[in-house]
Structures are given as structure tokens and as C-alpha cells.
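I have placed the structure first, in the form of C-alpha cells, so that the comments after it can refer back to it.
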Amino acid sequence: MEFRCQDLREAGVILVPQIPPIGATLINQSDQPIVAWSLQYRTEDESGRAGGANITMSGNSIPSLLFPFGLTPELRKQLIYQNAILPGSRRYIKDGELIGDNTDVRPPQPDEVWKATFSLGGGNLINRDLDEMKSVTLILDGIFFADGEFAGPNELQLFDQIVHEAEVYREVADAAGELVKDGHNTDAVLNAVEKLTGPSRAAMPHRPGVQSPPEVFREQAQAFIAWTISRTRKQLGDAKVVFMLAGWANANIPQYRRR
């Protein structure tokens, strides 16, 4: 069985294959932290049948390093250490899961320690017996760096997802910020925002590997913002929601761009 890796070494991100088992070590040789990524597994069995799996860690939660709406400097420092891959750091990739942390570069500073933990769930992505396979290829399809630069083929549309979802957040943030600045009341702000997002609802998620138009990503963001507003109104009240939305207008948004 042949195992191959396709990395992004021109961007300073290396994959070193390790077999057995099917795995690879990702090495960040760039000068920027990696904050989001997408991976593809492509398989071919002895009969020539193709298969595979896709997995994406998009980093589009709120607040996050790519979506810094409501992100404080203190939280940003914690996220950089706890969730990103620092320059020089390594991760072992097995079944789509990135294993490891930044302690291989340096220990955390006191204000970088975070009790919350996050994991990129993998599982048995390659669900056929390896003995029946002719080849497995692990592809690093996309990488987002902390400054907003993106590298990779982008077949899983990680770049499109971040850019188009961020457009919606910017629109909501700008609208709320302007209305609050002009002295409009809480109801007026919330009504204007709802015209942009629609009501709280579930949205059909983008399926990595299936090419989606911008509208799919925008709908995801609109639905999630509407759900967030509805939940926060119930928990904290309308005034807190408007304060939150107006604060988004001050976000220092990365300059998203492709290498």
C-alpha cells in the first residue's frame, strides 16, 4: 500500500508521512501561526475504486482569530496559544485529528493558560481495511494564517467560507454600530439587524467537497447570527444584545487574501 502526502511547503507548511500507521507530521515552518485548515484523504483500493474523506477546522466561531467580533486582546492571546499552531510547532495527523500542542515550542505564559479544551474530532475516516487499499493520499487543501493569508488548492472552499461569512458579520456590525451611534433605540437596531439576517433558524451546512456558491456561506452566517441574537436576548435581554452587536463594529478584521 502506497501512502503519499501533498503539503504546502511553498507556504512553509510541511507534511512528513509516517507509515505504519497511516499518519503524518505537520510542521509549521512559516513565520505566522496557523489558525484554520482543511484536509483531504483520497483512497484507491486494489480494484481501482476511489474513496476518501474531508475534514475542515474553519475557525469561524465567534469570537475567534479569523472572526474577531467581540474578541478582546486578552482572549486573542489565549486563542493564539491554545488553538493555533505556532511557528516551529508540530502536530501529528491521524484520521483527520491533529494531535499535539504548542508546548513543543515553548510553555504557555500565565495569561495564555486556558482551562477550556478543544479537539478536532477525527475518527475512522478511512473505513476500509488498509490491506485492501492500493494507495492513500493525505492532502493539505488549505491553511489560514493569523494575519488572514490563505494558501492551498481550496477544493474544500475554506477560503470562500471565511470570506463570505465574514461579509455578513461586517454588514451586521456596521449596521448596528451606525444605528447606535446615531441614537436609535434598541428595537430599531434589532429590527434593522433582523432584516439582514432573517429570523432564528437552522441553515443547511456547507458540505466540504461539494462546491457551493457564496449564498450558501452567507446563509450559514445569517442563520447563526440570528440564532445567537435569539439566544442572547433570552439570556441577557435586548440591551445586552445591541451592546454586543455595536461592539462588533470595532473588530480588527484580518485582511483575507490568497497567496
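Assorted remarks:
- For the chain, adding -39500 (n - 2.57) for each run of n ≥ 4 DSSP H residues and dividing by the number of residues yields -10500 deg cm²/dmol at 222 nm.
- Neighbour-count ranking [beta-carbon atoms within 10 angstrom, fewest first] of Thr43, Thr232: Thr232, Thr43
- Identified option (computed volume of the Cα convex hull per residue in Å³; candidates [x] 213; [y] 121; [z] 137): [z]
- Under 24 Å from the Cα of Lys240 - lysines, other chains or at least 8 residues apart: Lys181, Lys195
- Measuring r between the beta carbons of Trp227 and Gln18 and using R0 = 30 Å, the FRET efficiency lands at 0.15.
- In terms of other Cβ atoms within 10 Å, Val216, Val16, Val210 run from fewest to most in the order Val210, Val16, Val216.
- Computed FRET value (nearest 0.05) for Tyr92 with Glu155, which takes r as the C-beta separation and R₀ as 30 Å: 0.80
- Segment Ser47-Ile80, length gained on full extension (0.36 nm per residue, minus Cα span): 7.4 nm
- Most mobile listed residue (Gly177, Gly237, Gly59) in the chain, GNM with C-alpha springs under 10 Å: Gly237
- Residues Trp227, Trp37, Trp248 arranged by fewest to most Cβ contacts within 10 Å: Trp227, Trp248, Trp37
- For the pair segment 239-259 / segment 18-69, the C-alpha centres are spaced 27 Å from each other.
- Peptides 138-148, 3-13 ordered by packing proxy, namely the average of other Cβ atoms within 10 Å per residue, highest first: 138-148, 3-13.
Values quoted throughout were computed directly from the atomic coordinates according to the rules given, and no laboratory measurement underlies them. What you see is a predicted model; the values in this text were computed from it and never measured. Backbone-built Cβ (ideal geometry, glycine too); neighbour counts: all protein chains shown.
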